[in-house]
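Asks: Mind looking over this structure? Questions follow.
Rule-based calculations on the coordinates, nothing more; no lab input. Because the structure is predicted, anything quoted here is derived from the model rather than measured. Using ideal geometry, Cβ is built from the backbone for each residue, glycine included, and neighbour counts are taken over all protein chains shown.
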Amino acid sequence: MGANPVSDVIMDRSAALLDAQTKAAELFAEIECGLIRPGITESQLDREIYALAAKQFGVTTHWHKRVIRAGANTLQPYSENPPDRLIEEDDILFLDLGPVFALWEADFGRTFVLGTSPIKHRLKNDLEPIFRAAKAAFQADPGMDGATLYGIACELAQQAGWEFGGRIAGHTVGEFPHETIPGDRITFYITRGNTLPLRRLDGAGRPYHWILEIHLVDRKHQIGAFFEELLTVG
């Protein structure tokens, strides 16, 4: 049987995105081991992350702003820019990074807890199960649209006893820079109002790839947590 060029391109794009995510996970492991600590500001950690990514991974391009949020700042969604904050001894913090590896975008988010606070650890530990449940719902429904998946993410958060903190639950990802429409915060996002199927083709006849992000918040305790990785690969 002959080769299928279209299938090969699809597989190559999927493999490239997964490889970029694997490298992002390795970057996060280095950050967790060597950089995350109390007594520094979010902005200092940001500078150290940029230097580490460049030195050890050759990353000098980040396709979106590096988000480092600690304490009450973890309540704020991506679009906000809260005041710089000191990371404290018993803090919760999350990172949302968009490093570009060999022209392929990664978008990876994880939460870290310093100290032994049960509520903070429970919040962090609920992230991945909610992510996996939302991803399973997507995989089970070939025609799912962005608004439906956003609603599922919100419902799963509520069932676990939290509020969903983001206006979106994900977005497209791909070769840098991926396709966007200026001012359009619906078409390429997992959010309310997006009734387009997530499994659709771009202008070149290739499937869109998506990131799924889970942002949980507890306003009573003024804390939030974040988890993000590929939805359509892996």
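Asks: Only helical DSSP H runs with n ≥ 4 go in: add -39500 (n - 2.57) per run for the chain, normalise by residue count and round the 222 nm mean residue ellipticity to 500 deg cm²/dmol.
Replies: Details: 4 runs with 83 residues, N = 234.
Per the formula, -12500 deg cm²/dmol.
Asks: Please list, ordered by chain and number, the residues whose modelled amide H lies under 5 Å from the amide H of ASP202; skip anything fewer than 5 residues away on the same chain.
Replies: It is TYR208, by chain and number.
Asks: Pop out the ³J(HN,Hα) list for the stretch 20-31 in order, Karplus 6.51 cos²θ - 1.76 cosθ + 1.60 with θ = phi - 60°, rounded to Hz; leave Gly and Pro as x.
Replies: 4, 5, 4, 5, 4, 5, 5, 4, 4, 4, 5, 4
Asks: Test of understanding: in a Gaussian network model of the chain with alpha carbons linked when under 10 Å, which of GLY183, GLY109, GLY98 would top the mean-square fluctuation ranking?
Replies: The residue with the greatest mean-square fluctuation here is GLY183.
Asks: Relative to the longest principal axis of the C-alpha atoms of the chain, give the angle of the C-alpha long axis of helix 118-140, reported between 0 and 90° and rounded to the nearest 10°.
Replies: Value to nearest ten degrees: 10.
Asks: Cut-off 10 angstrom, C-alpha nodes, Gaussian network model of the chain. Which of ASP46, ASP107, ASP141 fluctuates the most?
Replies: The residue that fluctuates most here is ASP141.
Asks: Could you tell me the center-to-center distance, by alpha carbons, between the stretch 209-234 and the stretch 109-130 in angstrom?
Replies: Spelled out, the Cα-based centre of one part sits 11 Å from the other.
Asks: Next question, about the same structure. Any idea how far apart ILE181 and GLN56 come out in nm if each label point goes 7 Å out from Cα toward Cβ?
Replies: In this crude spin-label approximation the distance works out to 4.1 nm.
Asks: Right, here's the next one. Let me know the charge dipole size of the stretch 5-230 about its Cα centre in debye, to the nearest 20, where only the beta-carbon of Lys, Arg (+1) and Asp, Glu (-1) is charged.
Replies: Around 280 debye, computed over the stretch 5-230.
Asks: While we're looking at this one, here's another question. Given an 8 Å cut-off on Cα distances and at least 6 residues of separation, report the relative contact order of the chain as a percent. The partial results should precede the final answer.
Replies: Values: 430 pairs, mean separation 52.0, N = 234.
Once normalised by length, the contact order is 22 percent.
Asks: If you don't mind, there's one more thing I want to ask. Using alpha carbon centroids, what distance separates the stretch 39-92 and the stretch 145-166, in Å?
Replies: 25 Å
Asks: Amide H to amide H under 5 Å from THR41: which residues, 5+ apart in sequence or cross-chain, H placed 1.01 Å off N in plane?
Replies: The list, which skips near neighbours in sequence, is ILE87.
Asks: Using a Cα-Cα cut-off of under 21 Å, which lysines could be cross-linked to LYS65, ignoring same-chain neighbours fewer than 8 residues away?
Replies: Once the sequence-local lysines are set aside, what remains near LYS65 is LYS23, LYS55.
Asks: Continuing with the same structure: With axes computed from alpha carbons, what is the tilt in degrees of helix 42-57 against the longest principal axis of the chain, rounded to the nearest 10 within 0 to 90?
Replies: The two axes meet at around 50 degrees.
Asks: Further, regarding this structure: Kirkwood Rh over Cα pairs of the stretch 5-230 into Stokes-Einstein at 37 °C, 0.692 mPa s: D in µm²/s? Kindly include the intermediate steps, with their values, before the conclusion.
Replies: Numbers: Rh = 18.1 Å.
Using the Kirkwood radius from Cα pairs, D works out to 182 µm²/s.
Asks: How far is helix 146-159 tilted, in degrees, relative to the longest principal axis of the Cα atoms in the chain, given as a value from 0 to 90 rounded to the nearest 10?
Replies: 30 degrees
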